[in-house]
Amino acid sequence: MKIISAFDVVGPEMIGPSSSHTAGALKIAQLARNLAGSGIVKVRFVLYGSFAKTYHGHGTDKALTAGIMGFSANDKRIREAERLAREAGIEVSFVSDTEDTPIHPNTVDVVMSMENGTSMTVTGISVGGGKAYIVKINGEDISLSGEYCTLFVHQKDSPGVMAHITTAFRDTNLNIAAMRLFRTKKGQDAYSVIESDDMIPEEVVKRIMVNPDIYIAKIITL
Amino acid sequence: MNFMTGAELLKLCEENKKTISEIMQERETAVSGMAASEAHDLMLHSFSVMRDAAREAVIHERRSMGGLIGGEARKMDAYLREARPLCGSLLSKAGMYALGVLEVNASMGLIVAAPTAGASGVIPGVLLAMQEEEGYSDEKMVKALFNASAVGYLLMQNATVAGAEGGCQAEVGSASAMAASAAVELRGGSPQQCLDAAGTALSNVMGLVCDPVGGLVEVPCQKRNAMGAANALMCADITLAGIGSLIPFDEVVSAMYQVGRSLPFELRETALGGHAATPTARRLCADCGKCPTV
């Protein structure tokens with residue numbers, strides 16, 4: 001567990017009304033935007049559990065839209081996020097799923113369509129106090145919090161790929177705080193989440209992308 | 001420099017002849033790597049956000065997103081000016097500011113979660129009222145916030161401050177404990193007295209359920225924040241009068257956590273019990289029509 005700072009107690013500074021339903025929801029969408037990269041043209045949010053039932057009164061819809069726009073939790077533009085998204089050419093819609101049992105009471109699927117025709121679905125949970133995690137990417141289990149500077153890698157599950165990634169860290173003299181590998185079937189898609197104490201430079205991404213078994217490498221910072 | 005329990009915190013205070021806020025400030029630089037001045041400035045900024053939120057609602061009436069609250073801080077302000085409040089100036093102001101911050105929170109204004117957004121009115125209520133009535137400097141307010149954050153840290157570390165996990169006792173109760181401790185330090189009480197006041201504040205609301213109407217941070221949350229501020233001030237006075245706490249702080253924290261875990265699911269922020277399940281609340285929800293289904 002991350003050490004609790006005085007500013008985790010008196011903080012975060014945020015737009016209300018709820019750290020879980022507003023600030024936490026915003027963080028999920030921010031992480032989703034980071035994972036998808038630029039060029040998002042359409043987002044469909046599928047809300048589950050408490051999110052599905054109370055999203056309007058908590059401004060969860062505004063917060064999620066604000067996260068997609070890249071606003072932070074204390075940004076006063078959150079209230080107008082829907083209008084600002086429209087003006088930016090991003091189509092946003094909300095669906096409540098009150099039938100399925102969610103993974104967590106505050107769960108949302110962020111279904112993003114990009115201008116190049118690709119799409120990505122990210123599932124996030126908001127666990128309270130503004131803290132949130134991404135738990136699925138395109139249906140595959142993963143765990144990503146964005147609390148540290150994080151490198152997200154989508155790769156082929158093949159021998160030597162992890163060694164290639166860690167070598168890139170060593171060669172840029174970066175210390176790895178935590179590293180996790182997620183995969184469904186042997187030899188297919190795999191995801192690596194690597195957290196560092198330091199800011200991860202773009203140089204690492206360049207070095208990692210040299211290997212043809214790496215599909216995507218992205219730095220996630222909030 | 002770190003501590004995991006109230007007992008360890010008191011030991012550090014005693015060994016170093018320091019206040020809780022001083023120990024917490026030192027801990028912050030040790031665990032976060034932040035310079036002392038940086039941590040100080042960040043806390044001063046937090047205080048200014050709290051003050052702006054509290055005063056905002058007194059000046060402008062703000063309607064909440066869910067439409068259940070709005071305008072309460074202005075009503076209290078008018079009452080304070082025109083009538084002679086039963087609680088006296090300090091306590092009434094603390095209540096007014098606590099109501100006001102929740103109004104700002106519920107209308108998507110800027111607040112500081114302390115320790116949560118749902119309990120964000122308690123600490124500003126107590127601190128601002130004390131500053132206005134007793135003339136404390138902003139520097140003293142920064143100290144008070146570090147003191148409060150030490151207590152809140154212990155609650156997060158050893159119990160919970162989330163209503164969904166521990167009920168309102170964990171949210172407003174924690175904020176009230178934090179504010180009580182801060183008030184005692186402001187008044188020159190000892191570290192032991194700070195934790196006694198915090199423990200007493202927590203004891204007073206043990207078992208309080210989280211039962212928000214429509215699942216929104218509006219009713220009964222807003223008035224519970226005013227109660228949390230009043231409870232904090234009363235517990236500070238009780239302690240400063242030399243009345244101790246039979247059960248030590250750490251044990252009260254642990255008891256609160258146990259009680260929270262044994263609260264039924266319906267009474268932990270799910271809007272299925274308590275006020276949320278009353279006929280009036282159900283009717284309001286059914287007539288609102290903004291949510292898909294409740």
**Asked** at pLDDT 95 or above and either more than 14 Å from every other protein chain (Cβ to nearest Cβ) or on the phi > 0 side of the Ramachandran plot (or both) - does that describe any residue in segment B:147-165?
**Response** no
**Message:** Among the residues in segment B:192-205, are any open to solvent by less than 30 Å² (accessible area, probe 1.4 Å), more than 28 Å from A:Ala23 (Cβ to Cβ), outside any helix (DSSP H, G or I) and touching a helix residue (DSSP H, G or I) at 6+ places or on another chain (Cβ under 9 Å)?
**Reply:** no
**Message:** Within segment A:174-199, take every residue that is under 17 Å from the mean Cα position of the chain (by Cα) and touching a residue at least 40 places away in the same chain (Cβ under 8 Å) and give me the one that is most open to solvent (accessible area, probe 1.4 Å).
**Reply:** A:Phe182
**Prompt:** In this structure, does A:Val153 turn out to be more than 14 Å from every other protein chain (Cβ to nearest Cβ), buried (at least 18 other Cβ atoms within 10 Å of the Cβ), over 10 Å from the mean Cα position of the chain (by Cα) and not basic (Lys, Arg)?
**Reply:** yes
**A:Gly24 vs. criteria under 30 Å from B:Ala179 (Cα atoms) and not basic (Lys, Arg)** = yes
**Item:** Residue list for segment B:56-66, filter: surrounded by 17 or more Cβ atoms within 10 Å (Cβ to Cβ) and within 13 Å of chain A (Cβ to nearest Cβ)
**Value:** B:Glu56, B:Ala57, B:Arg62, B:Ser64, B:Met65, B:Gly66
**Prompt:** For segment A:1-102, list the helices (runs of 4 or more DSSP H) that sit wholly inside it and hold at least 2 residues that are away from every other protein chain (no Cβ under 14 Å); which are they?
**Reply:** A:24-36, A:60-69, A:81-87
**Request:** Provide a single number: the residues in segment B:274-294 that are within 14 Å of chain A (Cβ to nearest Cβ) and closer than 23 Å to B:Ser176 by Cβ.
**Result:** 1
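Residue by residue, here is whether (1) open to solvent by 30 Å² or more (accessible area, probe 1.4 Å); (2) outside any helix (DSSP H, G or I) holds:
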{"position": "B:Ala232", "(1), (2)": "no, no"}
{"position": "B:Ile243", "(1), (2)": "yes, yes"}
{"position": "B:Leu246", "(1), (2)": "yes, yes"}
{"position": "B:Val253", "(1), (2)": "no, no"}
{"position": "B:Val259", "(1), (2)": "yes, no"}
{"position": "B:Ala271", "(1), (2)": "no, yes"}
{"position": "B:Arg283", "(1), (2)": "yes, no"}
{"position": "B:Ala286", "(1), (2)": "yes, no"}
**Fill in**
All conditions in (1) within 19 Å of the chain's Cα centre (by Cα); (2) open to solvent by 60 Å² or more (accessible area, probe 1.4 Å) are true of B:Gly100 except (2)
**Message:** So, in segment A:90-118, exactly how many residues are open to solvent by 50 Å² or more (accessible area, probe 1.4 Å), of a type outside the set (D, E, K, R), out of contact with any Ser or Thr (no Cβ under 6 Å at 6 or more places or on another chain) and more than 16 Å from A:Ala63 (Cα to Cα)?
**Reply:** 5
**Prompt:** Of the residues that sit in segment B:1-55 and are surrounded by 14 or more Cβ atoms within 10 Å (Cβ to Cβ), within 12 Å of chain A (Cβ to nearest Cβ) and part of a loop (DSSP other than H, G, I, E, B), which one is modelled with the lowest pLDDT?
**Reply:** B:Met34
**Prompt:** For the subset of segment B:83-128 comprising residues that are under 26 Å from A:Ile78 (Cα atoms) and hydroxyl-bearing (Ser, Thr, Tyr), which member is nearest to the other protein chains (Cβ to nearest Cβ)?
**Reply:** B:Thr116
**Scope segment B:70-95; condition in a helix (DSSP H, G or I), without any contact (Cβ under 8 Å) to a residue 60 or more places away in the chain and of a type in the set (A, V, I, L, M); matching residues** = B:Ala73, B:Met76, B:Ala78, B:Leu80
**Message:** Condition (residue is open to solvent by 40 Å² or more (accessible area, probe 1.4 Å) and assigned to a loop (DSSP other than H, G, I, E, B)) applied to segment A:142-149: is it met by at least one residue?
**Reply:** yes
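The values are calculated or read from the model by the stated rules, or taken from the named source; none is laboratory data. Keep in mind it's a predicted model, so treat the numbers as computed, not measured. Reconstructed Cβ throughout: ideal geometry from the backbone, glycine too, with neighbour counts over all protein chains shown. Side chains included, ligands, DNA and RNA excluded: accessible areas come from the protein's heavy atoms. Shrake-Rupley method; radii C 1.70, N 1.55, O 1.52, S 1.80 Å.
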